[in-house]
Amino acid sequence: MPLCSPWQASKAEENGSDIFMHSMVPQLERQMETTQSLVDSYVAIVKKTWDLMVGLMPKTIMHLMIDSTKEFIFSELLANLYLHGDKNMLMEAQRS
């Protein structure tokens, strides 16, 4: 094993790593492009899903509230109205 200065040793390591990196560059570039493409696709899906969620959530909440209110009106209020109200007056108001 020949003795060499630290500068020569580091230069030899750089040359060896340059050769290694030169052969790895196309593979790394392809991996980076693939990774970038996957990340872009993921972000697009998340953005699309987020836009869908933001648009649908208020509609879903309103639908559930209205549905619950409608169910309450038909089950509780209407039953109490028929129970305690004047049936003849209710029938007249419904006909007009």
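For the stretch 34-96, the list of chymotrypsin sites (Phe, Trp or Tyr not before Pro) that fall in a loop by DSSP and count at most 12 other C-beta atoms within 10 angstrom is empty. Counted residue by residue at 0.36 nm each, then reduced by the alpha carbon distance between them, the extension gain from V25 to L81 reaches 12.1 nm. Each residue of the stretch 75-84 was assigned a 3J(HN,Hα) from its phi angle through the Karplus curve 6.51 cos²θ - 1.76 cosθ + 1.60 (θ = phi - 60°); the sequence is 8, 8, 5, 5, 5, 5, 5, 5, 6, 9 Hz, with glycine and proline shown as x. Stretching the chain fully between L38 and F72 yields a gain of 7.4 nm (0.36 nm per residue, less the alpha carbon separation). Distance between the C-alpha centres of the stretch 55-73 and the stretch 25-49: 39 Å, rounded to the whole angstrom.
Laboratory data are not the source of any read-out in this text; all were calculated from the coordinates shown. What you are looking at is a predicted structure, and each value in this text was computed from that prediction instead of being measured. In this analysis, Cβ positions are derived from the backbone assuming ideal geometry, glycine residues included, and neighbour counts consider all displayed protein chains.
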